[in-house]
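Let me begin by presenting the structure, written as structure tokens, before commenting on it.
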Amino acid sequence: MRPRVVCVDDEPRVLKGLRRRIGRDYDVATAESGPEALTLMRSAEPFQVIISDMRMPGMTGAQFLAQARTEFPDTVRILLTGQSDLDDAILAINDGHVFRFLSKPCPPEVLMPALEEGVEHYRLIQAERENCSTARYGVR
């Protein structure tokens, strides 16, 4: 099964480009807003990675990633943004526990390794969770 990635950006062109760039290796879903992405994530199989823009109307990337962290704590969060100041970055990292902070435009040689590392980090989180529950309940 291919890893699942949700891409969130209010610009359809960016979403189309991300889908084209990563769709060969990943199962990609897209959303044009944080609320739309949360609805999608609640109704689908788990996503391993979120790639989100920072500046979106209604709900910023930082707000979306903080909410996603609350509801989907194992999903790895990557912020991909072209316009952000230091305060926005700090907020996203602290509240959303961002795994990677990438700048637009992001070349494939930067994006793809970050995405691969995000999927691997998700797998490590899942393995650790399974090991802890096995140890807790004495299951062997």
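Just one of the listed residues (ARG20, ARG77) is under 11 Å from the mean Cα position of the chain (by Cα), of a type outside the set (Gly, Ala, Ser) and at pLDDT 90 or above, namely ARG77.
Just to be sure I understand, how many residues within the range 58-73 are assigned to a loop (DSSP other than H, G, I, E, B) and either touching a residue at least 24 places away in the same chain (Cβ under 8 Å) or surrounded by 15 or more Cβ atoms within 10 Å (Cβ to Cβ) (or both)?
Total meeting the criteria: 4.
Total residues in the range 74-104 satisfying the condition of being part of a strand (DSSP E or B) and of a type in the set (Gly, Ala, Ser): the figure is 1. Count of the range 7-17 residues, restricted to those that are over 14 Å from the mean Cα position of the chain (by Cα) and without any contact (Cβ under 8 Å) to a residue 40 or more places away in the chain, is 4.
Of all residues assigned to the range 44-57, none qualifies as being in contact with a helix residue (DSSP H, G or I) (Cβ under 9 Å, 6 or more places away or on another chain), part of a helix (DSSP H, G or I) and closer than 20 Å to PRO3 by Cβ.
Yes/no per residue for (1) surrounded by fewer than 14 Cβ atoms within 10 Å (Cβ to Cβ); (2) in contact with a Pro (Cβ under 9 Å, 6 or more places away or on another chain); (3) over 14 Å from GLN48 (Cα atoms); (4) polar (S, T, N, Q):
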{"residue": "ASP95", "(1), (2), (3), (4)": "no, no, yes, no"}
{"residue": "SER103", "(1), (2), (3), (4)": "yes, no, yes, yes"}
{"residue": "PRO107", "(1), (2), (3), (4)": "yes, no, yes, no"}
{"residue": "MET112", "(1), (2), (3), (4)": "no, no, yes, no"}
{"residue": "GLU117", "(1), (2), (3), (4)": "no, no, no, no"}
{"residue": "CYS132", "(1), (2), (3), (4)": "yes, no, yes, no"}
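The values are calculated or read from the model by the stated rules, or taken from the named source; none is laboratory data. Bear in mind the structure is a predicted one, so any value in this text is a computation, not a measurement. Virtual Cβ from ideal backbone geometry, glycine too; neighbours counted across all protein chains shown.
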